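Worksheet: the structure to be examined is printed underneath.
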Amino acid sequence: MIVLRAKKVKFEVTYINLQQRPDWFMEISPRGKVPVLKVNDEVLFESNAIAEYLDEVVEPRLHPEDPIKRARNRAWTDYLPDFTPALSAVYYTKSRKVTAEAIKAAPDALAKLETALKERGNKGPYFNGKKICLVDAGYAPFFQRFMYVDSKLKTGLLEQFPLVKAWADALMASSVVKGSVVDTFYEEFEKNLKRRGFWVAELFENKAAAAE
Ligand SMILES: N[C@@H](CCC(=O)N[C@@H](CS)C(=O)NCC(=O)O)C(=O)O
């Protein structure tokens, strides 16, 4: 969604309930996961493959022109499946004890990203400098969720990594990122935490009670 928005592509979104995936969705999504992109009669799946496809067919190019930089961008996007569990382990858990352990473990993954940002050869605010790119699009949704929980949990994790913190703040301030989720996103996210029995849901409960 971030890539589509950054490129100002006209698109339609169909949201599905992942608890009750419709048959039509299961027929087009080989892994039963979102997102999928339908282009006329063709269906693409996997966020990276979709983002790369969009970058090839729709201007402006979000990948760097320089092949070395482009390869590094791809490599840091490939790092996502290693990185994101380090953050989500902090809040996708049923006990404070596991959260405390995850907070202790997370700096390793964040330190790698801090080094990447140090070595990227620009001052930001985004991964490649002034223009949002595919690496930004990959990481933003994960920072969005983590930072929302962290506004209550206050782990201090991002604060230990100033370049990561500045990057994540820039992504959250970006209108492309902000508009990539529905208005009720945080409400739905909180509900989802509660439904899945994650203890951090209780951090949001007072607010929910006050609104009722
Ligand atoms: N590597 C996939 C991961 C997709 C993914 O895990 N999507 C989640 C939602 S963000 C999902 O569909 N979860 C449902 C499930 O795993 O059953 C991609 O980047 O597209």
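Report whether or not Val149 is out of contact with any Leu (no Cβ under 7 Å at 6 or more places or on another chain), free of Cβ contacts under 8 Å to residues at least 60 places away in the same chain and among the β-branched types (Val, Ile, Thr).
Numbers: out of contact with any Leu (no Cβ under 7 Å at 6 or more places or on another chain): yes; free of Cβ contacts under 8 Å to residues at least 60 places away in the same chain: yes; among the β-branched types (Val, Ile, Thr): yes.
For Val149, the condition - out of contact with any Leu (no Cβ under 7 Å at 6 or more places or on another chain), free of Cβ contacts under 8 Å to residues at least 60 places away in the same chain and among the β-branched types (Val, Ile, Thr) - is met.
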(message) For the range 57-73, check the following and say yes or no: at least one residue is more than 27 Å from Leu37 (Cβ to Cβ), in a helix (DSSP H, G or I) and at pLDDT 95 or above.
(response) yes
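Checking the condition hydrophobic (A, V, I, L, M, F, W, C) and free of Cβ contacts under 8 Å to residues at least 40 places away in the same chain, which residue from Ala201, Ala166, Ala137 passes? I'd like the intermediate steps shown before the answer.
Numbers: Ala166 fails: free of Cβ contacts under 8 Å to residues at least 40 places away in the same chain; Ala137 fails: free of Cβ contacts under 8 Å to residues at least 40 places away in the same chain.
Answer to the check: Ala201.
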(message) Can you find a residue that is among the hydroxyl-bearing types (Ser, Thr, Tyr) and either surrounded by fewer than 17 Cβ atoms within 10 Å (Cβ to Cβ) or assigned to a loop (DSSP other than H, G, I, E, B) (or both) anywhere in the range 74-87?
(response) yes
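Please find, within the range 26-60, the residue that is surrounded by the most Cβ atoms within 10 Å (Cβ to Cβ) out of those that are at positive phi and within 13 Å of the ligand (Cβ to nearest atom).
Within the range 26-60, the first condition is being at positive phi, and the residues that meet it are 32, 40, 46.
Now drop any that are not within 13 Å of the ligand (Cβ to nearest atom), which leaves 32, 46.
Numbers: Gly32: 10, Glu46: 15.
Taking the candidates together, the pick is Glu46.
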(request) For the range 34-56, state whether one or more residues are touching a strand residue (DSSP E or B) at 6+ places or on another chain (Cβ under 6 Å), of a type in the set (S, T, N, Q) and outside any helix (DSSP H, G or I). (result) no
(request) Give the number of residues within the range 89-122 that are surrounded by fewer than 16 Cβ atoms within 10 Å (Cβ to Cβ) and small (Gly, Ala, Ser). (result) 5
(message) Suppose we filter Pro125, Pro141 for residues that are surrounded by 14 or more Cβ atoms within 10 Å (Cβ to Cβ) and closer than 17 Å to Leu80 by Cα; which single one remains?
(response) Pro141
(message) Filter the range 101-137 down to the residues that are at positive phi and out of contact with any helix residue (DSSP H, G or I) (no Cβ under 7 Å at 6 or more places or on another chain) and list them by number.
(response) Gly121, Gly129
(request) Give the range 6-19 a look and list any residue that's away from the ligand (no atom under 12 Å from the Cβ) and either farther than 27 Å from Asp183 by Cα or assigned to a loop (DSSP other than H, G, I, E, B) (or both), or say none. (result) Lys7, Lys8, Val9, Lys10, Phe11, Glu12, Val13, Thr14
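On the given criteria, is Lys123 outside any helix (DSSP H, G or I) and either more than 16 Å from the ligand (Cβ to nearest atom) or hydrophobic (A, V, I, L, M, F, W, C) (or both)? Even if it seems obvious, please write down each step before you answer.
Working: outside any helix (DSSP H, G or I): yes; either more than 16 Å from the ligand (Cβ to nearest atom) or hydrophobic (A, V, I, L, M, F, W, C) (or both): yes.
Yes, satisfied.
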(message) I'm trying to understand the selection: among the residues of the range 89-120, which are among the hydroxyl-bearing types (Ser, Thr, Tyr), within 24 Å of Ser180 (Cβ to Cβ) and not in a helix (DSSP H, G or I)?
(response) Tyr92
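The values are calculated or read from the model by the stated rules, or taken from the named source; none is laboratory data. Fair warning: this is a prediction, and the values are worked out from it, not measured in the lab. Cβ: placed from backbone, ideal geometry, glycine included. Neighbour counts: every protein chain shown.
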